[in-house]
Structure formats: structure tokens, C-alpha cells
1. When the residues of the stretch 352-369 are filtered to those that are in contact with a Lys or Arg (Cβ under 8 Å, 6 or more places away or on another chain) and outside any helix (DSSP H, G or I), which remaining residue is nearest to GLU215 (Cα to Cα)?
2. With the requirement that a residue be open to solvent by 50 Å² or more (accessible area, probe 1.4 Å), within 20 Å of ASN84 (Cβ to Cβ) and at pLDDT 95 or above, what does the stretch 29-49 give you?
3. Please tell me if TYR71 is modelled with pLDDT under 95 and either open to solvent by less than 30 Å² (accessible area, probe 1.4 Å) or within 22 Å of LYS114 (Cα to Cα) (or both).
4. Tell me which residues, restricted to the stretch 355-369, are open to solvent by 20 Å² or more (accessible area, probe 1.4 Å) and in contact with a helix residue (DSSP H, G or I) (Cβ under 6 Å, 6 or more places away or on another chain).
5. Cβ-Cβ under 7 Å, sequence separation 6+ or interchain: first residue in the stretch 57-68 and on the phi < 0 side of the Ramachandran plot and in a helix (DSSP H, G or I), partner open to solvent by 80 Å² or more (accessible area, probe 1.4 Å) and basic (Lys, Arg). Which pairs?
6. For ASN23, which of the numbered conditions (1) under 29 Å from GLN2 (Cα atoms); (2) assigned to a helix (DSSP H, G or I); (3) at pLDDT 95 or above fails to hold?
Amino acid sequence: MQNFKIAFVGSRGIFSNYGGVENATREIILEMSQEQNVYINVYCVKSENDNKFALPENVKTTFIPDFIYKYLGQHSYILFCILNVLFINRPKVVILFASGPCVFTPLLRFGGIKVITSLRAFDSARDKWGKVNRTILQFGEYCSWRFADEFTANSKEMISVCSKYRHDAHFIPNGAKPIINESMKELEIYGLKPNHYLLFSARLDPVKRLHLLLEANQRLPDSIRLPLVIAGGNVKDKAYEKMLRKYESQSVIFLGHINSNQVDTLMKYCRAFILPSVLEGMSNSLLSAMANSKAVLAADIVENSDVVECKEALFEKDNVNDLYEKLIKISSDIPFCNNLGMKLGVIASEKYSWNATSTMFFELIKKHV
């Protein structure tokens, strides 16, 4: 019987809670590990261990030393992963996640390794990059569709753009699942009440538009303003973080970077999840909110509107006045939130599962083994 030796490169590791790439790869790997004769190696930064758990027997980790990532940067870390793939691990198929790692697609192909690429967003469009990093990411996005054996993306909008160049582009959505954790420990620590706070959970990156949310939230009348919990760290722009922190108060709570169990608790008991971001692929946090029947308020970019499928869950991107008006409804109308959450929960349960996502990737893998 055929053995499937696979490697995942691009995330900071299966135990990391850094962002969407890490959360997606973790869920896909755990689902795929249930297939017969599959052997998976996932590359990790050694210090990234927010979510320690026992791995399945057929999943192994290769840890790259911390100093490489810390002092030489993300691209050097990925290069060390690629060199290990080529000269030590030698899997039959590598799945590369995100724009930057896809730069190495031609090198892997030249080394005789089959490659499946997976764009999670057009990372080169992020506000934070200088010219050199932006150019590298743009080259990675080009390599992702130009040189891969199979090209995938997790939003219909990215597929629409890339299918002009690659007609066999595959749309593979993220999955979602209900949160089982029932603990209210995190709520007690921060003095929060179930269904009585709003949640923002993302990196403090300008494209996530947290500053827009903070401005709109500050305008709300005291009588209806709910606590706003901000779960996110990994700040690259310290000046931007300093500007955000000016809004910090007893009702605007900055938690910094927290682990997935803590995020799950906050998601499970929030009134609504707010996503003002203007650059997404398919947000794992958005899907998590929907899978747990939470009300959502997201910027009306195509990547969000394709997922939520209803206008009540959207506001005009970068329009602080529209966001303010929608926050009034979310903050003051509990039946509206409950009904919206139920509607979104049905959509998530019918259309998005990590099992289906993993199966789609595995079908592509089988074509090349």
C-alpha cells in the first residue's frame, strides 16, 4: 500500500497560536493524520509553544533553532526549513503556506519535491512592508501559482485573481468547529460577564483596522457601551501600538498575545466578534465565531462577505460612521445578536469543516505520490 510522506512548511509550528496560518495548519494536520499510511512532518520555531498537546504517532516536528528566526528573520527560518526538506527529510510532497514561503517553490521543484502552495491572503498588500519585503512577497505570490504542482487559495476572490494565470487553481476554504471548552476562568480574571462584551482577536497590524474599531467604540453612549476585549499581539509597528494603547481603559481591555484556549473561552462567551480588517483570505476567527453561533460585524471586503452571506453582519470598510451605527445595534439589541448568531451558525455547520478542508488537500497530495 502506498505511503504518503508529507511536510508542512510556512507556519511557526503546530503548537503556535501566532495567526491564521498556524491555526489552519494545526487543524489540517490533525485531520489528515487520521488517513491511512500518512506520515507528516511539520516545521516549527522551537520557542513557539502556546498550545502543547500530544501529537498523533504519525505526526513529527522538526524544530528550527530560535536564534535563526529571532535574529535572521522569517525568510531565513523558512530557508532552513527548505534545506532540511531537500537534504534530510525528503518528503514526497510539501505543502507551502503563505506568500513568503512560496518564494522557495522553484527550489523545491528543482530538488525533485512535489509542491502544493496555499495562499492565505495577498500578504504583499499589507501596510507594514517596506519595498524589499513587499517585493519578496510579490515574488512569492507569483511563484505560488507559476511553479507549484498544485495551487490553492482559501478565498474565492484570490482564486478569481489567480485563475487568470492558472486555470486549475483550487479553492480550499478554511474549516470551523464549535468550541467545547466550557470554562469561564478567563472571564472571571478580567471581570467579564457572558454575552456582555465585544471581542477583537487578531494581530495588532494596521490592516486589521483596530484603530477604526476603537474610534467607533469610543463614540458609543456610556449607557450601551460594552467592554471591548482586544486579544492580539505580535506587534511589528510599535508606533501604531502606542497609538492604539491611548484608548486603553477599564472597558477597553488589551490582553496581548494569548493562547488558543484563552481565545476559545473569550469567543464562546462574547456578545459579538468584530473584524474591521481590510485584508483577509478566509479568517479562521470569523469562522470560529460563526461556528459558535456568535453575532459578527465585519468589514464588507469580498473575502468576508463571501463567508457571512448576510448584510446584517457587515459594515462598509474603513467607514467609521457605518461601523459606529452597527455597533449601536450590536451593543443594545440582544435578540438581534442571538438571531444573527443562529443564522451564521447554520451557514458554518453546512459549509465549513476542517475534515472537508483536509480531504481536499489530501486528494491533491494523492495525485502526486
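The values are calculated or read from the model by the stated rules, or taken from the named source; none is laboratory data. Because the structure is a prediction, the values reported are computed rather than measured. Every residue, glycine among them, receives a Cβ derived from its backbone with ideal geometry; neighbour counts consider all protein chains shown. All accessible areas refer to the heavy atoms of the entire protein, side chains included, with ligands and DNA or RNA removed. Shrake-Rupley method; radii C 1.70, N 1.55, O 1.52, S 1.80 Å.
1. Result: SER353.
2. Selection gives TYR39 alone.
3. Details: modelled with pLDDT under 95: yes; either open to solvent by less than 30 Å² (accessible area, probe 1.4 Å) or within 22 Å of LYS114 (Cα to Cα) (or both): no.
Against the criterion (modelled with pLDDT under 95 and either open to solvent by less than 30 Å² (accessible area, probe 1.4 Å) or within 22 Å of LYS114 (Cα to Cα) (or both)), TYR71 does not qualify.
4. Looking only at the stretch 355-369, we keep the residues that are open to solvent by 20 Å² or more (accessible area, probe 1.4 Å), and these are 355-356, 359-360, 363, 366-369.
Of everything in the stretch 355-369, just one residue is open to solvent by 20 Å² or more (accessible area, probe 1.4 Å) and in contact with a helix residue (DSSP H, G or I) (Cβ under 6 Å, 6 or more places away or on another chain), namely ASN355.
5. Hits for this filter: ASP66/LYS46.
6. The one condition ASN23 does not meet is (3).
Results for (1) open to solvent by less than 40 Å² (accessible area, probe 1.4 Å); (2) among the basic types (Lys, Arg); (3) part of a helix (DSSP H, G or I); (4) more than 25 Å from ILE68 (Cα to Cα), shown as yes or no for each residue.
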{"site": "ASN84", "(1), (2), (3), (4)": "yes, no, yes, no"}
{"site": "ARG134", "(1), (2), (3), (4)": "no, yes, yes, no"}
{"site": "LEU137", "(1), (2), (3), (4)": "yes, no, yes, no"}
{"site": "PHE151", "(1), (2), (3), (4)": "yes, no, no, yes"}
{"site": "ILE180", "(1), (2), (3), (4)": "no, no, no, yes"}
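Okay, residues lined up against (1) surrounded by fewer than 16 Cβ atoms within 10 Å (Cβ to Cβ); (2) assigned to a loop (DSSP other than H, G, I, E, B); (3) in contact with a Ser or Thr (Cβ under 8 Å, 6 or more places away or on another chain):
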{"site": "GLU157", "(1), (2), (3)": "no, no, no"}
{"site": "SER160", "(1), (2), (3)": "yes, no, no"}
{"site": "ASP168", "(1), (2), (3)": "yes, yes, no"}
{"site": "PRO173", "(1), (2), (3)": "no, yes, yes"}
{"site": "GLU186", "(1), (2), (3)": "no, no, yes"}
{"site": "LEU192", "(1), (2), (3)": "no, yes, no"}
{"site": "LEU213", "(1), (2), (3)": "no, no, no"}
{"site": "ASP222", "(1), (2), (3)": "yes, yes, no"}
